[in-house]
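Before any comments, here is the structure.
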Amino acid sequence: MHIVVCLKQVPDSAQIRVHPVTNTIMRQGVPTVINPYDLFALEEALRLRDAHGGQVTVLTMGPPMASDSLRKALAYGADRAVLLTDRFFAGSDTLATSFALSAAIAKVSQTFGAPDIVFTGKQTIDGDTAQVGPGIAKRLDLLQLTYVARIAELDLAGRSITVERRAEGGVQVLRTRLPCLITMLEGTNEMRRGSMADALRAARAEVVTWSAADAGIEDLTKCGLRGSPTVVKRVFAPAARAETAQMVPPAERDAAASAEVLIDALFTRAPALEADLARLAAGY
């Protein structure tokens, strides 16, 4: 079994700064980490490999320094790391990113074997679009399972996988054939501690580095800014609310009385609310 996990190196969200003129995220001088959502995808891939055998290839697109995140993934136990880096990728939106990563996955398939599963996190913390995973699935004609909370069963002989997918109002149990693409939800597992042997292997390992040409990308107009139809108009932090929260002390050991106290406080703070509720009740 071969699993590909797409990772992204992102700025540490606790230290993100926004350029006052261009409204873009200022990445220079900001520490970077593996996108937290991608770690859940990586751990799930490693668990499947441990249970069924095979190899896990981690893939990222970014500047040369993104190899740091790939080595971290190797230290967790991934078998192989591929970095897609080229100046033509600078400024890519989700459409251009999914195009480049799809080409790289196709190259991985030719070089190291076709993947049975492609994993991504549900989204990244710097973009929050959740579009790249589905975009890759569409370009590679893969069945996609998004917002997956748990992998219930993997049948390699029957070439099928059963997952639990979180949806509005409940959980969907879905079964599909392989190969497929899965986007993992947060909180679905706990990232393992890498072993000392894996840490030493990661330090010595060669990160496979591909340019656009190496990945077989011929149409560079689909990469980077030229291949990105969307533009970020403005990035800003929401203004703090002027109103402060009000603490309502509960009635001692009496849930019904506590509810009455809370309702009285709500009606006192929003007098129109009581009249609106009365009108609604009269309509039924």
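The values are calculated or read from the model by the stated rules, or taken from the named source; none is laboratory data. What you see is a predicted model, and the numbers here were worked out from it, not measured in a lab. Positions of Cβ are generated from backbone atoms using ideal geometry, with glycine treated the same way; all protein chains shown enter the neighbour counts. To get the accessible areas, we keep the full protein, side chains included, count just its heavy atoms, and leave off ligands, DNA and RNA. Shrake-Rupley method; radii C 1.70, N 1.55, O 1.52, S 1.80 Å.
In the chain, once you exclude exposed GluC sites (Glu not before Pro) (DSSP loop, at most 12 other Cβ within 10 angstrom), what's the longest stretch remaining? Segment 1-167 is the longest. How far is the Cα center of segment 196-263 from the Cα center of segment 108-172, in Å? If you average the Cα positions of each part, the centres end up 19 Å apart. Secondary-structure-derived ellipticity at 222 nm for the chain, considering helices only, amounts to -10500 deg cm²/dmol, per-run term -39500 (n - 2.57) for DSSP H runs with n ≥ 4.
When both bridge partners sit in the chain, DSSP labels roughly 45% of those beta bridges antiparallel.
Here the dipole of the chain is about 780 debye; that uses its Cα centre as origin and unit charges on the Cβ of Lys and Arg (positive) and Asp and Glu (negative). Would you mind checking the pairs LYS107/LYS222; LYS72/LYS233; LYS72/LYS122; LYS72/LYS222 and listing those with alpha carbons more than 24 angstrom apart? Over 24 Å Cα-Cα: LYS72/LYS233; LYS72/LYS222.
Lys/Arg Cβ at +1, Asp/Glu Cβ at -1, dipole of the chain taken about the Cα centre: which of ALA81, THR162, PRO179 is farthest positive-ward? The residue sitting most towards the positive pole is ALA81. The heavy atoms of ASP38 offer some 10 square angstrom of accessible surface to a 1.4 angstrom probe.
Can you give the angle from 0 to 90° between the axis of helix 36-52 and the longest principal axis of the chain, with both taken from C-alpha atoms, to the nearest 10? Relative to the chain, helix 36-52 is tipped by roughly 60 degrees. In plain terms, the bigger the Kirkwood radius, the slower the diffusion; for segment 241-284, with that radius from Cα pairs, at 10 °C and 1.306 mPa s, Stokes-Einstein puts D at 131 µm²/s.
Restricting the trypsin sites (Lys or Arg not before Pro) of segment 224-266 to loop positions (DSSP other than H, G, I, E, B) with no more than 13 neighbouring Cβ atoms within 10 Å leaves LYS233, ARG234, ARG241, ARG253. Stretching the chain fully between VAL30 and ARG269 yields a gain of 81.7 nm (0.36 nm per residue, less the alpha carbon separation). The chymotrypsin sites (Phe, Trp or Tyr not before Pro) of segment 187-282 that DSSP puts in a loop, and whose beta carbon has at most 11 other beta carbons within 10 Å, are PHE236.
Counting 0.36 nm for each residue step from ARG175 to LEU225 and taking away their Cα separation leaves a gain of 14.2 nm. When the alpha carbon gyration tensor of the chain is reduced to an equivalent ellipsoid, its three semi-axes come out at 42, 25, 20 angstrom, largest first. Of the trypsin sites (Lys or Arg not before Pro) found in segment 105-198, those that fall in a DSSP loop while having at most 15 other beta-carbon atoms within 10 Å are ARG159, ARG192, ARG193.
Taking VAL232, VAL207, VAL248 in turn, the Gaussian network model of the chain (Cα-Cα springs below 10 Å) assigns the largest fluctuation to VAL248. Classify segment 186-268 as rounded, prolate or oblate from the Cα gyration tensor: take a ≥ b ≥ c as the square roots of its eigenvalues, call it rounded if a/c is under 1.5, otherwise prolate when a/b beats b/c and oblate if not. Oblate is the answer for segment 186-268, as a/c is 1.5 or above yet b/c matches or exceeds a/b.
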